[in-house]
Amino acid sequence: GENVEQHPSTLSVQEGDSAVIKCTYSDSASNYFPWYKQELGKRPQLIIDIRSNVGEKKDQRIAVTLNKTAKHFSLHITETQPEDSAVYFCAARFGGYQKVTFGIGTKLQVIP
Amino acid sequence: GAVVSQHPSWVICKSGTSVKIECRSLDFQATTMFWYRQFPKQSLMLMATSNEGSKATYEQGVEKDKFLINHASLTLSTLTVTSAHPEDSSFYICSARGTSGAYNEQFFGPGTRLTVL
């Protein structure tokens, strides 16, 4: 069935450094890849997304890249700040279906 | 825009009782709503997808007779956990998706923390 793999599960970086989280998906029909940030006890918040007709998208310190051939997509956070500390989930929407499958999440800790 | 609310935000109940959780899209019409369950330090697991006016589609392993979903209007979906047991204790999150423009994507509710004693 559909599967989204995410790594690493935990990531610690020094403030100001970059953080990269990687995901792979199994269904080549996937066409939409959102990234969510979830702080403890709160709802997931969409931070950036990318569609299959685009290879890269950037929004200030956050960027996402997509390699459709390899079925990889990655989240890049530059100049990390302590408030970036949270759990980040990648997700993929498969084909014509509306449901989104989430990765296991990456707990990012930015050390001041 | 794109506000999704959930009620209650937390609930504690005795084993064997039923609990109803409401999910509302406040400023857009949600043709599709999704219900997720999230255990501590784990990912969001999709339980079911509901489309307004039709029966919900449950994911494999989710008991539809235990987790009753109703999506009677374009702004409201409910999840009822019937005969709740301690193992049902979890964080339940709904999300809603519209059909047009900025509301074509999923927006999450704040979640409901269920504790079954």
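Summary table below
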item: Extreme residue, farthest from the other protein chains (Cβ to nearest Cβ), among residues of the range A:19-58 that are among the acidic types (Asp, Glu) and either in contact (Cβ under 8 Å) with a residue 12 or more places away in the chain or within 12 Å of A:ALA91 (Cα to Cα) (or both); result: A:ASP27
item: Pick from the range B:2-16, criterion in contact with a Lys or Arg (Cβ under 8 Å, 6 or more places away or on another chain) and within 12 Å of another protein chain (Cβ to nearest Cβ), ranking: surrounded by the fewest Cβ atoms within 10 Å (Cβ to Cβ); result: B:TRP10
item: Members of the range A:64-92 that are in contact with a Lys or Arg (Cβ under 7 Å, 6 or more places away or on another chain) and assigned to a strand (DSSP E or B); result: A:VAL64, A:HIS72, A:SER74, A:ILE77, A:ALA86, A:VAL87, A:TYR88
item: Complete set of residues in the range B:17-31 that are of a type outside the set (Asp, Glu), out of contact with any helix residue (DSSP H, G or I) (no Cβ under 7 Å at 6 or more places or on another chain) and more than 11 Å from chain A (Cβ to nearest Cβ); result: B:THR17, B:SER18, B:VAL19, B:LYS20, B:ILE21, B:CYS23, B:ARG24, B:SER25, B:LEU26, B:GLN29, B:ALA30
item: Of all residues in the range A:3-21 being over 16 Å from A:PHE102 (Cα atoms) and among the aliphatic types (A, V, I, L, M), the one that is farthest from the chain's Cα centre (by Cα); result: A:VAL13
item: Strands (runs of 3 or more DSSP E) contained in the range A:1-59 and holding at least 1 residues among the hydroxyl-bearing types (Ser, Thr, Tyr) and over 26 Å from B:SER90 (Cα atoms); result: A:10-14, A:19-25, A:32-38
item: Which numbered condition A:SER9 misses (of (1) in contact with an Asp or Glu (Cβ under 9 Å, 6 or more places away or on another chain); (2) in contact (Cβ under 8 Å) with a residue 24 or more places away in the chain; (3) closer than 20 Å to B:LYS41 by Cα; (4) of a type in the set (S, T, N, Q)); result: (1)
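This table checks each residue for (1) out of contact with any Gly (no Cβ under 7 Å at 6 or more places or on another chain); (2) of a type in the set (Gly, Ala, Ser); (3) within 27 Å of A:PRO8 (Cα to Cα).
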site: B:THR49; (1), (2), (3): yes, no, no
site: B:ALA56; (1), (2), (3): yes, yes, no
site: B:THR75; (1), (2), (3): yes, no, no
site: B:THR82; (1), (2), (3): yes, no, no
site: B:SER89; (1), (2), (3): yes, yes, no
site: B:GLY109; (1), (2), (3): yes, yes, yes
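This table checks each residue for (1) in a strand (DSSP E or B); (2) within 26 Å of A:GLY103 (Cα to Cα); (3) within 11 Å of chain A (Cβ to nearest Cβ); (4) in contact with a Phe, Trp or Tyr (Cβ under 7 Å, 6 or more places away or on another chain).
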{"position": "B:MET33", "(1), (2), (3), (4)": "yes, yes, yes, no"}
{"position": "B:ASN70", "(1), (2), (3), (4)": "yes, no, no, no"}
{"position": "B:GLU87", "(1), (2), (3), (4)": "no, yes, no, no"}
{"position": "B:ILE93", "(1), (2), (3), (4)": "yes, yes, yes, yes"}
{"position": "B:ALA96", "(1), (2), (3), (4)": "yes, yes, no, yes"}
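Laboratory data are not the source of any read-out in this text; all were calculated from the coordinates shown. It should be emphasised that the depicted structure is a prediction, and the values quoted were computed from it without experimental measurement. Positions of Cβ are backbone-derived with ideal geometry, glycine not excepted, and every protein chain shown enters the neighbour counts.
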